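For reference, the structure discussed in these notes is given below.
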Amino acid sequence: MTIFLKKFGTTLSGRQFGRESFAAFKPSLRNVKNKDKVVVDFEGVVTFTPSWGDEFLGSLLDKFGKRLILKNTDNLSVQATLKILEKVRKINFSRNGRNEVIYVYSKKI
Amino acid sequence: MNTRLLTIGQTSEIIGVSIQTLRRWDNSDKLSSIRKKETGHRYYKENDVENYLKNNLKDLFRLAKNWVFNKKGLEPRSDFYCQDSSVFQARLIKLENELSKLKRLGRTFPLISAIVGEIGNNSFDHNLGNWPDIPGIFFSYDLKKGKIILADRGQGILETLKKIKPGLKNHQDALYTAFTEIISGRAPEHRGNGLKFVKDVVISNEISLIFQTGNAQLKIQKNDSDLRARKTTANFHGCLSLIRF
């Protein structure tokens, strides 16, 4: 499954908005099967922040862990937010090196 | 065109200067009044006052400062006032759009809208249902001068952070903690760690920030490694910030 974040808006800021976005999308996640990857596509997102990210991405991380793939993350606010989420949640996103466009979640040792 | 007239008292509250100062400005034509009789009361066109504020960011910052420091809680003027997070969200999108047109920022402009979003939403997230008097935030900017101002009359950092760190002693400790210490606990309330994000973005880019809460002030700029919150003489409840880029 691919989640296109721009469908929630291009300015993704605020816990309240992040919570509402996840709550609205949650029913669609029922279609994800056990081994399916969940791809989050940041294409078209202009402003991305830790408050929205923690509510939305954080909930996806809790649910899917290593099955989560983050794509098109070259926007600077996306990169800065992912860095702080790594620190807060004590995790590492593994960058695959191809223009840093895909992040794979893995637990920090 | 808005031709409503304001009394000198109303104008004084809106701009945040004394009536005596307004009289002086009138005499020097800095901000002219209208009088129905030569010796009568001074009135000001609302449009003139709005234009004055728009063209004087130094005064906009003073206006925000007066608003948070004023013992009497008053709603700010509507064009600077975001009473709830949905109004703020709409104005943040407008700011983002205007920032994207500034060539000098290149692809860094989303970092500025992101830190503004974090500071503004921090005010809403930590004060929802607990605003001491006026709910919402003051939000204004002058992109030509590269300045953005946010303020709230909320509980302030110390009061909200104490719920997670009861040992915090004063506003300086609280301010330092908010900007430097990662808090990963989810209970009793969600913490965004948004101000750590703000600090990380500021120290890595051509941005500076002055952030005040209670009687503590923090100044951050590019490459700062040793942050220190200093004590100020005046004290207020809430937060006041000035971003320059």
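Take the conditions (1) within 23 Å of residue A:76 (Cβ to Cβ); (2) at pLDDT below 95; (3) more than 14 Å from the chain's Cα centre (by Cα); residue A:35 misses just one of them, which is (1).
For region B:209-245, filtering for residues that are of a type in the set (A, V, I, L, M, F, W, C) and more than 29 Å from residue B:105 (Cα to Cα) leaves 3.
Tally up the residues in region B:12-46 that are part of a loop (DSSP other than H, G, I, E, B) and either open to solvent by less than 20 Å² (accessible area, probe 1.4 Å) or in contact with a Phe, Trp or Tyr (Cβ under 9 Å, 6 or more places away or on another chain) (or both), please. Break it down stepwise before answering.
Here is the first cut: in region B:12-46, the ones part of a loop (DSSP other than H, G, I, E, B) are B:16-18, B:28-33, B:36-41.
With either open to solvent by less than 20 Å² (accessible area, probe 1.4 Å) or in contact with a Phe, Trp or Tyr (Cβ under 9 Å, 6 or more places away or on another chain) (or both) added as a condition, the list becomes B:16-17, B:30-33, B:36.
Residues meeting the conditions: 7.
Scan region B:16-30 and tell me whether some residue there is under 17 Å from the mean Cα position of the chain (by Cα) and at pLDDT below 85. Yes, region B:16-30 contains at least one residue that is under 17 Å from the mean Cα position of the chain (by Cα) and at pLDDT below 85.
Residue B:164: open to solvent by 30 Å² or more (accessible area, probe 1.4 Å), more than 18 Å from the chain's Cα centre (by Cα) and within 14 Å of chain A (Cβ to nearest Cβ), yes or no? Spell out the reasoning first.
Values: open to solvent by 30 Å² or more (accessible area, probe 1.4 Å): yes; more than 18 Å from the chain's Cα centre (by Cα): yes; within 14 Å of chain A (Cβ to nearest Cβ): yes.
So residue B:164 fits the description; yes.
Summed over region B:97-113, residues that are in contact (Cβ under 8 Å) with a residue 60 or more places away in the chain and open to solvent by 40 Å² or more (accessible area, probe 1.4 Å) total 1. Is it the case that region B:204-220 has a residue that's without any contact (Cβ under 8 Å) to a residue 24 or more places away in the chain, part of a loop (DSSP other than H, G, I, E, B) and either crowded, with 17+ Cβ neighbours inside 10 Å or within 14 Å of another protein chain (Cβ to nearest Cβ) (or both)? Among the residues of region B:204-220, at least one is without any contact (Cβ under 8 Å) to a residue 24 or more places away in the chain, part of a loop (DSSP other than H, G, I, E, B) and either crowded, with 17+ Cβ neighbours inside 10 Å or within 14 Å of another protein chain (Cβ to nearest Cβ) (or both), which makes the answer yes. Taken over region A:32-57, the residue count meeting the criterion of being of a type outside the set (S, T, N, Q) and either in contact (Cβ under 8 Å) with a residue 40 or more places away in the chain or part of a strand (DSSP E or B) (or both) is 11.
Candidates B:116, B:87: the one that is open to solvent by 10 Å² or more (accessible area, probe 1.4 Å) and closer than 16 Å to residue A:17 by Cβ is B:87. A single entry from A:29, A:68 fulfils the requirement of being aliphatic (A, V, I, L, M), more than 9 Å from every other protein chain (Cβ to nearest Cβ), surrounded by fewer than 18 Cβ atoms within 10 Å (Cβ to Cβ) and touching a residue at least 24 places away in the same chain (Cβ under 8 Å): A:29.
The values are calculated or read from the model by the stated rules, or taken from the named source; none is laboratory data. If you're wondering where the values come from, they're calculated on a predicted model, not measured in any experiment. Here the Cβ is made from the backbone with ideal geometry for all residues, glycine too, and neighbour counts use every protein chain on show. The protein model used for the area step is the full one, side chains on, heavy atoms only, and it has no ligands, DNA or RNA in it. Shrake-Rupley method; radii C 1.70, N 1.55, O 1.52, S 1.80 Å.
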